[in-house]
1. Condition test on Ser66, is it at negative phi, modelled with pLDDT of 95 or more, under 14 Å from the mean Cα position of the chain (by Cα) and polar (S, T, N, Q)?
2. I'd like to verify a number: residues in region 35-64 that are farther than 15 Å from Val80 by Cα, touching an Asp or Glu at 6+ places or on another chain (Cβ under 7 Å) and either surrounded by fewer than 18 Cβ atoms within 10 Å (Cβ to Cβ) or acidic (Asp, Glu) (or both), how many?
3. Mind counting the residues in region 84-107 that are among the aromatic types (Phe, Trp, Tyr) and in a loop (DSSP other than H, G, I, E, B)?
4. Consider Gly78 against the criteria (1) out of contact with any His (no Cβ under 8 Å at 6 or more places or on another chain); (2) closer than 16 Å to Leu16 by Cα: it satisfies all of them except one. Which criterion is unmet?
5. Among residues belonging to region 65-83 that are among the polar types (S, T, N, Q) and not in a loop (DSSP other than H, G, I, E, B), point out the one that is surrounded by the most Cβ atoms within 10 Å (Cβ to Cβ).
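The values are calculated or read from the model by the stated rules, or taken from the named source; none is laboratory data. Not measured: the values here are computed from a predicted model. Counting neighbours? That spans all protein chains shown, and the Cβs are built from the backbone with ideal geometry, glycine included.
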Amino acid sequence: MFGKKKSKPQGRIDSLIGTGTTLVGDVSFTGGLRVDGEIKGNIRGVDGQPATLVISEHARVEGEISVSHLVVNGTVIGSVHSSDFLELQTRARVTGDVEYSTIEIHLGAIVQGRLVHHGLPAKAVELKLAASN
């Protein structure tokens, strides 16, 4: 109504790691993955493929995460890289650095680490500034 609202990523969930399940080892996927249980290992989207990861309220991930779309409402211990869209919901607890392109942080989310925006490469920004003089 008042402005153009950016749309959140829409996608279906292809895989589920359910409550009470603990997976030890690295996970690589495409499509959508929802974690309600626990993963002790790195989670990565396959390069060049869209990958949406949802970490639910009671879920826990101990390892690095690198996906295009990420929604966190549980606990992550490790660095996070979201190349497209990152949403930290109310019960999100992230211990580690967070790299993102677009971010939405809800009231109550906690990040113990650095927030690093990845937009235009630094050289492109420098070139634009030099060209504007």
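1. Numbers: at negative phi: yes; modelled with pLDDT of 95 or more: yes; under 14 Å from the mean Cα position of the chain (by Cα): yes; polar (S, T, N, Q): yes.
Against the criterion (at negative phi, modelled with pLDDT of 95 or more, under 14 Å from the mean Cα position of the chain (by Cα) and polar (S, T, N, Q)), Ser66 qualifies.
2. Number of matching residues: 1.
3. Step one: list which residues in region 84-107 are among the aromatic types (Phe, Trp, Tyr), which gives 85, 100.
Filter once more, so that each one left must be in a loop (DSSP other than H, G, I, E, B): none.
Qualifying residue count, region 84-107: 0.
4. (2)
5. So in region 65-83, the residues among the polar types (S, T, N, Q) come out as 66, 68, 73, 75, 79, 82-83.
Now drop any that are not not in a loop (DSSP other than H, G, I, E, B), which leaves 66, 68, 75, 82-83.
On the way: Ser66: 19, Ser68: 21, Thr75: 19, Ser82: 25, Ser83: 18.
So, considering only residues that are among the polar types (S, T, N, Q) and not in a loop (DSSP other than H, G, I, E, B), the one surrounded by the most Cβ atoms within 10 Å (Cβ to Cβ) is Ser82.
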